Amino acid sequence: DVKVTQSSRYLVKRTGEKVFLECVQDMDHENMFWYRQDPGLGLRLIYFSYDVKMKEKGDIPEGYSVSREKKERFSLILESASTNQTSMYLCASSLLTGYNEQFFGPGTRLTVL
Amino acid sequence: RKEVEQDPGPFNVPEGATVAFNCTYSNSASQSFFWYRQDCRKEPKLLMSVYSSGNEDGRFTAQLNRASQYISLLIRDSKLSDSATYLCVVNRIFGNEKLTFGTGTRLTIIP
């Protein structure tokens with residue numbers, strides 16, 4: 001079974017703090033994604049990566065950055081957390097071509113005070 | 001207009017009934033279509049892909065209407081375990097792995 005793990009289930013941070021969300025997948029998938037999920041807005045893509053050290057902006061990249069130094073690990077960074085970044089963050093991975101199923105991690109509920 | 005639109009529900013349906021959801025998409029160039037299921041406080045998981053000719057997986061049937069740009073999901077003989085939020089998902093560009101998710105339709109099966 002594909003397994004996607006995220007470093008924390010719940011996180012509480014203060015405005016202005018630097019926040020790191022980590023995601024690891026164990027199926028050698030090329031693609032990795034970061035989404036946020038908010039009520040009434042659904043899942044929105046923040047960033048994705050199709051290879052090590054490669055990244056592309058999604059629909060809402062402002063205020064976020066990412067890092068992919070190893071194939072299995074994709075990090076989401078909030079340089080200076082703000083209250084409007086309070087959300088559920090979901091990481092996903094998929095194979096590069098053809099079969100588009102994305103496998104999701106359990107999510108990190110981030111609260112910024 | 002949203003790229004993918006769904007009726008948010010909730011749909012409250014008695015056990016054993018048949019229920020159907022529709023979803024519309026705005027980009028006529030969309031190539032791949034899916035239904036994902038998300039249980040309360042859990043991550044989304046692929047329920048089924050949607051093929052041009054329509055496809056069935058047990059009690060679940062998915063249909064695609066390209067002319068009208070909508071996809072549908074039919075659940076027959078609904079079970080309590082079908083209670084979840086169903087997300088309509090569209091791949092925006094062929095070969096590109098970016099997916100657009102609808103906001104979901106919430107379904108509750110009542111005993």
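None of the figures in this text is laboratory data; all of them are computed from the coordinates on show. Only a predicted model underlies this, so the values are computations on that prediction, with no experimental measurement involved. Cβ atoms come from the backbone with ideal geometry, glycine included; neighbour counts cover every protein chain shown.
Structural remarks
- The Cα center of the range B:39-111 and the Cα center of the range A:42-57 differ in position by 23 Å.
- Using a 4.7 Å Cβ-Cβ cutoff, the cysteines of the protein assembly as shown lacking any partner cysteine are B:40.
- Cut-off 19 Å, label 7 Å out along Cα→Cβ of residue A:52, residues of the range A:5-30 by amide N: A:23-30
- The protein assembly as shown - charge dipole about Cα centre, Lys and Arg +1 at Cβ, Asp and Glu -1, debye rounded to 20: 460
- Counting lysine pairs in the protein assembly as shown whose alpha carbons fall under 15 angstrom apart, excluding pairs fewer than 8 residues apart on the same chain, gives 9.
- Neighbouring partner chain Cβ atoms per residue of A:102-111, average, 10 Å criterion: 3
- Cα-based convex hull, chain A, per residue volume (Å³, whole number): 96
- Charge dipole (the protein assembly as shown, unit charges on Cβ, about Cα centre) - positive-most of A:84, B:47, B:69: A:84
- In percent, rounded to a whole number, the relative contact order of chain B is 37, using alpha-carbon pairs under 8 Å and six or more apart.
- q = 0.12, 0.15, 0.23 Å⁻¹: log10 I(q)/I(0) that the Debye formula gives for chain B, counting C-alpha atoms only: -0.38, -0.59, -1.33
- Percent RCO, i.e. relative contact order, over chain A, from Cα pairs under 8 Å lying at least 6 residues apart: 36
- Rounded to the nearest 20, the size of the Cβ-charge dipole of chain A about its Cα centre is 380 debye, with Lys and Arg at +1 and Asp and Glu at -1.
- For the range B:1-52, trypsin sites (Lys or Arg not before Pro) meeting the loop criterion (DSSP other than H, G, I, E, B) and having at most 10 other Cβ atoms within 10 Å: B:1, B:41.
- Only beta bridges with both residues in chain B are counted; by DSSP, about 90 percent of them are antiparallel.
- Taken residue by residue and averaged, Cβ atoms of other chains lying within 10 Å of the Cβ of B:99-111 number 3.
- Among the trypsin sites (Lys or Arg not before Pro) in the range B:55-111, those placed in a DSSP loop whose Cβ has at most 14 other Cβ atoms within 10 Å are B:59, B:66, B:76, B:79.
- Inter-chain shielding of B:36-43 (mean C-beta neighbours from other protein chains, 10 Å cut-off): 4
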